[in-house]
1. For residues that are over 8 Å from the mean Cα position of the chain (by Cα) and either buried (at least 18 other Cβ atoms within 10 Å of the Cβ) or within 11 Å of residue 71 (Cα to Cα) (or both), scanning just the range 30-47, find the one that is modelled with the lowest pLDDT.
2. Give me the pairs, please: first residue somewhere in the range 21-34 and under 11 Å from residue 79 (Cα atoms) and in contact (Cβ under 8 Å) with a residue 12 or more places away in the chain, second residue anywhere and in a helix (DSSP H, G or I) and of a type in the set (Asp, Glu), beta-carbon distance under 6 Å, and either six or more positions apart or on two chains.
3. Across the range 36-58, what is the number of residues that are out of contact with any helix residue (DSSP H, G or I) (no Cβ under 8 Å at 6 or more places or on another chain) and either under 19 Å from residue 12 (Cα atoms) or β-branched (Val, Ile, Thr) (or both)?
4. Provide a single number: the residues in the range 23-32 that are in a helix (DSSP H, G or I) and in contact with a helix residue (DSSP H, G or I) (Cβ under 8 Å, 6 or more places away or on another chain).
5. With without any contact (Cβ under 8 Å) to a residue 12 or more places away in the chain, closer than 23 Å to residue 65 by Cα, in a helix (DSSP H, G or I) and over 12 Å from the mean Cα position of the chain (by Cα) as the only criterion, which of 50, 12, 18 stands out?
6. Of the residues that make up the range 75-84, is at least one aromatic (Phe, Trp, Tyr), more than 20 Å from residue 14 (Cβ to Cβ) and more than 17 Å from the chain's Cα centre (by Cα)?
7. With 75, 66, 2 as the choices, which residue is aliphatic (A, V, I, L, M) and in contact (Cβ under 8 Å) with a residue 12 or more places away in the chain?
Amino acid sequence: MVNTILIMAGVLMALGILLALLRFIKGPDVTDRTIAFDVMTVASISVIALIAHFAGRIIYLDVALVYGLLSFLSVVVIGRYIERGL
């Protein structure tokens, strides 16, 4: 039962990544693309956590943590660039 729910969550996260990718490509503004990029990274971190659960490898959670920190820093840098304060 739990594995079925986790598989459904993974499918929904993949759908969210695809929709965010569409917004990233189509987005008329830099802020739309930045938000879509952030959504894709958060969803992909969740997918990495699901893979860690199914594979039984805890080390993948460290990868997700580092990826989350890099994602946060990149969004901050893009935000500074949008404000022209970089």
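The values are calculated or read from the model by the stated rules, or taken from the named source; none is laboratory data. Nothing here was measured: the structure is a model prediction, and the numbers come from that model. Cβ atoms come from the backbone with ideal geometry, glycine included; neighbour counts cover every protein chain shown.
1. Result: 34.
2. Short answer, once both residue conditions are applied: none.
3. So the answer is 0.
4. So the answer is 5.
5. When all the criteria are applied, what remains is 12.
6. If we filter the range 75-84 for residues that are aromatic (Phe, Trp, Tyr), which is where we start, we get 81.
Within this subset, residues satisfying the condition of being more than 20 Å from residue 14 (Cβ to Cβ) are 81.
Going one step further and asking which of them are more than 17 Å from the chain's Cα centre (by Cα), we end up with 81.
Scanning the range 75-84, I find at least one residue that is aromatic (Phe, Trp, Tyr), more than 20 Å from residue 14 (Cβ to Cβ) and more than 17 Å from the chain's Cα centre (by Cα), so the answer is yes.
7. Result of the check over 75, 66, 2: 75.
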